[in-house]
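Accompanying notes for the structure given below.
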Amino acid sequence: MAEQTFIMIKPDGVQRGLVGEIIGRFEKKGFFLKGLKLISVERAFAEKHYADLSAKPFFNGLVDYIISGPVVAMVWEGKNVVVTGRKIIGATNPAESAPGTIRGDFAIDIGRNVIHGSDSVESARKEIALWFPEGSVEWRSSQHAWIYE
Ligand code: IDP
Ligand code: MG
């Protein structure tokens, strides 16, 4: 199977009406959408998603943020989508995210940085299993041969 990553538009991105803009950036790049849902998660679920950060001082605030409203959970597929997805998203702190990236264009504070993307193929596998236990959707875009040589 081609590489997949887990992308989540955080509650601020949903509230600010950035869903279409963000999906459009991944679509226009040439990645393929393989899973999508608008979902509100509970504290225990958010804590599981961010388990690696549980010792950080900002952990409780981060969990409060993620459960503060619905999020858009997605699976995107394509060559190098994990690393390239992180580039499209930009640096964690929007003060350091380059213009042209999602966080560089649409965010100011690190605790309101609009979007999550898996940081490795291994984390993507875990996150997709957590958020999409029902599995992602198998389909092949008719544009495939116009994007891949
Ligand atoms: P990432 O989202 O770029 O992978 P991580 O280090 O995995 O960054 O942190 C997860 C999320 O935790 C960040 O996207 C951000 O929302 C939040 N976060 C990270 N560092 C801080 C901080 O120093 N203060 C407040 N929130 C933070
Ligand atoms: Mg991370």
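Yes or no: Pro57 open to solvent by 90 Å² or more (accessible area, probe 1.4 Å) and either under 24 Å from Gly135 (Cα atoms) or within 15 Å of ligand 1 (Cβ to nearest atom) (or both)?
Numbers: open to solvent by 90 Å² or more (accessible area, probe 1.4 Å): yes; either under 24 Å from Gly135 (Cα atoms) or within 15 Å of ligand 1 (Cβ to nearest atom) (or both): yes.
Yes; evaluated as a whole, the condition is true for this residue.
Against the definition (open to solvent by 60 Å² or more (accessible area, probe 1.4 Å), within 15 Å of ligand 2 (Cβ to nearest atom) and in a loop (DSSP other than H, G, I, E, B)), how does Lys79 come out, yes or no?
No, not satisfied.
Just for region 3-52: of the residues that are hydrophobic (A, V, I, L, M, F, W, C) and in contact with a Ser or Thr (Cβ under 7 Å, 6 or more places away or on another chain), which one is surrounded by the fewest Cβ atoms within 10 Å (Cβ to Cβ)? Let's see the steps before the verdict.
First pass over region 3-52, keeping only residues hydrophobic (A, V, I, L, M, F, W, C): 6-9, 14, 18-19, 22-23, 26, 31-33, 36, 38-39, 41, 44-46, 51.
Remaining after also requiring in contact with a Ser or Thr (Cβ under 7 Å, 6 or more places away or on another chain): 6, 32.
On the way: Phe6: 26, Phe32: 20.
Here the answer is Phe32.
Results for (1) on the phi < 0 side of the Ramachandran plot; (2) of a type outside the set (A, V, I, L, M, F, W, C), shown as yes or no for each residue.
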{"site": "Lys56", "(1), (2)": "yes, yes"}
{"site": "Gly61", "(1), (2)": "yes, yes"}
{"site": "Val71", "(1), (2)": "yes, no"}
{"site": "Glu77", "(1), (2)": "yes, yes"}
{"site": "Val82", "(1), (2)": "yes, no"}
{"site": "Arg86", "(1), (2)": "yes, yes"}
{"site": "Phe106", "(1), (2)": "yes, no"}
{"site": "Val114", "(1), (2)": "no, no"}
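With the requirement that a residue be free of Cβ contacts under 8 Å to residues at least 40 places away in the same chain, crowded, with 23+ Cβ neighbours inside 10 Å and not small (Gly, Ala, Ser), what does region 90-103 give you? Quick ask: steps written out before the conclusion?
Here is the first cut: in region 90-103, the ones free of Cβ contacts under 8 Å to residues at least 40 places away in the same chain are 90-101, 103.
This time we only want the ones that are crowded, with 23+ Cβ neighbours inside 10 Å, so: 90, 103.
Answer for region 90-103, where residues must be free of Cβ contacts under 8 Å to residues at least 40 places away in the same chain, crowded, with 23+ Cβ neighbours inside 10 Å and not small (Gly, Ala, Ser): just Arg103.
Could you say which residue among Ala98, Ala107, Ala91 is away from ligand 1 (no atom under 11 Å from the Cβ) and farther than 15 Å from Ile23 by Cα? If you could, list the steps in order and put the result at the bottom.
Working: Ala107 fails: away from ligand 1 (no atom under 11 Å from the Cβ); Ala91 fails: away from ligand 1 (no atom under 11 Å from the Cβ).
After applying the criteria, what remains is Ala98.
Among the residues of region 63-76, count how many are open to solvent by less than 20 Å² (accessible area, probe 1.4 Å), assigned to a helix (DSSP H, G or I) and not hydroxyl-bearing (Ser, Thr, Tyr). Write out each step before concluding.
Restricting attention to region 63-76, the residues satisfying the condition of being open to solvent by less than 20 Å² (accessible area, probe 1.4 Å) are 63, 65-66, 69, 71-76.
Right, trim to assigned to a helix (DSSP H, G or I) and you get 63, 65-66.
Narrowing the set further to residues that are not hydroxyl-bearing (Ser, Thr, Tyr) leaves 63, 66.
Looking only at that region, the number is 2.
Within the group Gly85, Gly104, which residue is closer than 17 Å to Glu127 by Cβ and at pLDDT 95 or above? Steps first, answer last, please.
Values: Gly104 fails: closer than 17 Å to Glu127 by Cβ.
From the options Gly85, Gly104, the qualifying one is Gly85.
Residue by residue through region 104-132, note down the ones that are in contact with a strand residue (DSSP E or B) (Cβ under 7 Å, 6 or more places away or on another chain), within 15 Å of ligand 2 (Cβ to nearest atom) and either open to solvent by 90 Å² or more (accessible area, probe 1.4 Å) or not in a loop (DSSP other than H, G, I, E, B) (or both).
Ile115, His116, Gly117, Ala124, Glu127, Ile128, Trp131
Using the structure shown, decide if Asp119 is over 22 Å from Leu38 (Cβ atoms), within 15 Å of ligand 1 (Cβ to nearest atom) and more than 15 Å from the chain's Cα centre (by Cα).
Working: over 22 Å from Leu38 (Cβ atoms): yes; within 15 Å of ligand 1 (Cβ to nearest atom): yes; more than 15 Å from the chain's Cα centre (by Cα): no.
In short, no.
The values are calculated or read from the model by the stated rules, or taken from the named source; none is laboratory data. Everything numeric in this text was worked out from a predicted model, so none of it was measured. Heads up, the Cβs are rebuilt from the backbone with ideal geometry, glycines too, and the neighbour counts pull from every protein chain shown. Accessible surface is based on the protein model in full, side chains and every heavy atom, while ligands, DNA and RNA are left aside. Shrake-Rupley method; radii C 1.70, N 1.55, O 1.52, S 1.80 Å.
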